[in-house]
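The values are calculated or read from the model by the stated rules, or taken from the named source; none is laboratory data. The structure presented is a predicted model; accordingly, all values stated were derived computationally and were not measured. Glycine also receives a Cβ, built like all others from the backbone with ideal geometry; neighbour counts cover every protein chain displayed. Each accessible area value is taken on the protein alone, full model and side chains, heavy atoms only, with ligands, DNA and RNA left out. Shrake-Rupley method; radii C 1.70, N 1.55, O 1.52, S 1.80 Å.
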Amino acid sequence: MVSVRRLASFVLVAAMSTGCAVQYDGVSMTPGSSRPQVNSLSPELKKNISELQAALQSMDPSIDPREAADVAYDGYIYPRHLANEWGLTWPPLYHNVLRNSKKRPAGLCTDWTQAMRTHMYKKKLKTFDLWWGVAYKGNAWREHSTLVMTAKGKPFNSGILLDPWRNSGELFWSRVPDDTDYPWKVFQDPSMAR
């Protein structure tokens, strides 16, 4: 009889060697638009967006609720558009192999961070600063980048990270100090060129 551990190892190796396509249905981006569209929001997705909006607003009383709502919506929907555009494959490390061998146009954590940061900059947000966060800088196997949003003028560690790489286009977010997987540091601050 095959042990559960051995079976789990086999499934993991099979997934890593073949990968699974990631596709988000009903997501689009109209050329020239700054807002991704989705045909319908599931109750779970509405709840997730609402929770992120509340967390963004709770960072500081100066946060504009409309901006927080816009950032939360795009934080969840825009990565789905990118996943479709980039032909995303799960798991993320397998997709990295495809990206590094030029079989995919983008999808490294740095691609996600750059795309998310550029998208958010286009919104001309007045109550947020955008930071490029990095963990394990210089470690080829562990280095990771993500977008961090803070209230305008507030320090990096007070922010919320938006990380769509970790779950293959499904947004992971957390307050910077609460993310136990990565020791985040500033790579680029808001004053640097966009």
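If you count only protein heavy atoms with a 1.4 Å probe, what accessible area per residue comes out for the chain, rounded to a whole Å²?
Details: 10620 Å² over 194 residues.
That works out to 55 Å² per residue.
With the contact rule set at Cα under 8 Å and sequence spacing of 6 or more, what percent relative contact order holds for the range 55-194? Don't skip to the end; give the middle numbers.
On the way: 216 pairs, mean separation 33.8, N = 140.
Reported as a whole number, the value is 24 percent.
Which percent of Cα pairs goes in each bin when the distances of the range 146-187 are cut into 5 angstrom slices starting at zero?
5, 25, 33, 23, 10, 3, 0
I need the phi-derived Karplus couplings for the range 133-143: 6.51 cos²θ - 1.76 cosθ + 1.60, θ = phi - 60°, integer Hz, Gly and Pro marked x.
With the stated coefficients, the range 133-143 comes to x, 9, 10, 6, 3, x, 8, 4, 8, 10, 4 Hz.
How much of the accessible area of the chain, probe 1.4 Å, is carbon plus sulfur, in whole percent?
On the way: 5950 of 10620 Å².
That share works out to 56 percent.
Express the Stokes-Einstein translational diffusion coefficient of the chain in µm² s⁻¹, to the nearest whole number, given a Kirkwood radius over alpha-carbon pairs, 37 °C and a viscosity of 0.692 mPa s.
Details: Rh = 17.6 Å.
Stokes-Einstein gives a translational diffusion coefficient of 187 µm²/s.
Order 87-93, 23-29 from most to least packed using the mean count of other Cβ atoms within 10 Å.
On the way: 87-93: 18.4, 23-29: 14.1.
In descending order of packing, they fall as 87-93, 23-29.
Among 75, 39, 29, which residue has its Cα positioned farthest towards the positive end of the charge dipole of the chain, with +1 placed on the Cβ of Lys and Arg, -1 on the Cβ of Asp and Glu, and the dipole taken about the Cα centre?
About the Cα centre, the residue reaching furthest to the positive side is 29.
So how strong a dipole does the chain carry about its Cα centre when Lys and Arg Cβ are +1 and Asp and Glu Cβ are -1, to the nearest 20 debye?
440
Skipping prolines and chain starts, which residues have an amide H placed within reach, meaning under 5 Å, of the one on residue 104, given they are 5 or more residues away or on another chain?
99
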